1. Using Cα pairs closer than 8 Å and at least 6 residues apart in sequence, work out the relative contact order for the chain, in percent.
2. With 42 Å as the cut-off, how large is the P(r) tail for the chain, expressed as percent of Cα-Cα pairs?
3. Treating the angle as unsigned and between 0 and 90°, give the value, to the nearest 10°, between the Cα long axis of helix 81-108 and the longest Cα principal axis of the chain.
4. Quick one: if you stick a label point 7 Å off each Cα along the C-beta vector at Tyr210 and Val252, how many nm between them?
5. Once the Cα atoms of helix 329-340 and of the chain are each reduced to a long axis, what angle between those two axes, in degrees from 0 to 90 to the nearest 10, is obtained?
6. Hand me the chymotrypsin sites (Phe, Trp or Tyr not before Pro) from segment 87-181 located in a DSSP loop with no more than 14 other Cβ atoms within 10 Å, in residue order please.
7. So for the chain, taking the charge dipole from beta-carbon charges (+1 Lys/Arg, -1 Asp/Glu), which of Ile50, Val375, Val102 sits furthest toward the positive end?
8. Whole number in Å², please: accessible area per residue of the chain, 1.4 Å probe, ligands, DNA and RNA not counted.
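The values are calculated or read from the model by the stated rules, or taken from the named source; none is laboratory data. If you're wondering where the values come from, they're calculated on a predicted model, not measured in any experiment. Cβ placement follows ideal geometry from the backbone for every residue including glycine, while neighbour counts extend to all protein chains displayed. Quick note on the areas: whole protein, heavy atoms, side chains included, nothing else; ligands and nucleic acids left out. Shrake-Rupley method; radii C 1.70, N 1.55, O 1.52, S 1.80 Å.
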Amino acid sequence: MGAGGRMSAPPTRKNPETDNLKRVPYSKPPFTVGQIKKAIPPHCFQRSVIHSFSYVFYDLTIALLLYYIASNYIQPLSQPLSFLAWPVYWFVQGCVLTGVWVIAHECGHHAFSDYQWLDDTVGLILHSALLVPYFSWKYSHRRHHSNTGSIERDEVFVPKQKSAIGWYSKYLNNPPGRFLTLTIQLTLGWPLYLAFNVSGRHYEGFACHYHPYGPIFSDRERLQIFLSDAGVLAVVYGLYRLAVAKGLAWVVCYYGGPLMVVNGFLVLITYLQHTHPSLPHYDSSEWDWLRGALATVDRDYGILNKVFHNITDTHVAHHLFSTMPHYHAMEATKAIKPILGDYYQIDRTPVFKAMFREAKECIYIERDEGDKKGVFWYNNKL
């Protein structure tokens, strides 16, 4: 009871779950890209060869240390201890190598240095070592950044409209079905995307990241697609020689296990960045680059944010300024939040929980009932 017998109203409690699912604005933003850029300290756009290479050396040093531990302490273990120790090594090494993948991703965006030839050289070496066709991915990923949020031209995790989803979807719309779907997605999703463009944009003809003459690439890009294929084949041959010398089990334990973790995280990170109940998608009548770039969400992976060089929790800033080095992205994100306001979206829901929630809520996209605008939202009513 306060003075005069009035009772003060209790403070309103915010529900983080509800707030996370609140739709972001989809109208034309009241700010421009130039205004966003002015809010970011100029040094955030400066690329340093020494600074960038320090992350390469750091990640590779940790990876070599983990290999040393595995070869000297895990390999000699007897069963069943070895069955417990190897998966731990796969996960930890896979996380570190995901960081290496992110650095190669920086190279593909020309965010590693001021020298394109150096970026492409480092990117080709690092991505090839992880069986990624560097230039093939670079060109399709660049078009993803140019067309984010467009249901006609985006390149990755392009959502389907209700009329296009498969007949089997209703049978998978339950906990076991979602578990099966996510398991396939995290284990096979990356190689299927590279080989068959699964979950990617529709192309006429055979769309494959290894096919130099496929519809994904232009004539001026084809020579570099051959170079990407050569890099992957060289690593495959090296793995074959290792299997001959040390055995297939050795290659699987030291390389194959961590690579599966890398591939799984690549799919998971990308999926959660671009799949969220609050995010709109646009057809050609509504889409523009800025609204598309804002149709993404930052996520919180805890300690793994640092291991992944903050590609997880600075993705909005990355889509706005993709040539910005990752080591300035946190500062830039902090600077742009006041400008973006409600257009900025971050979801700190634990990743495991978010993964299953999005698989449940985000089955297809459709317009709101009675709305003829080209703005589409996720739905799950089958």
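1. 24 percent
2. It works out to 15 percent of all Cα pairs.
3. Value to nearest ten degrees: 70.
4. 2.1 nm
5. 20 degrees
6. Loop-located and lightly packed - Tyr115, Trp167, Tyr168.
7. Selected residue: Val375.
8. That works out to 51 Å² for each residue.
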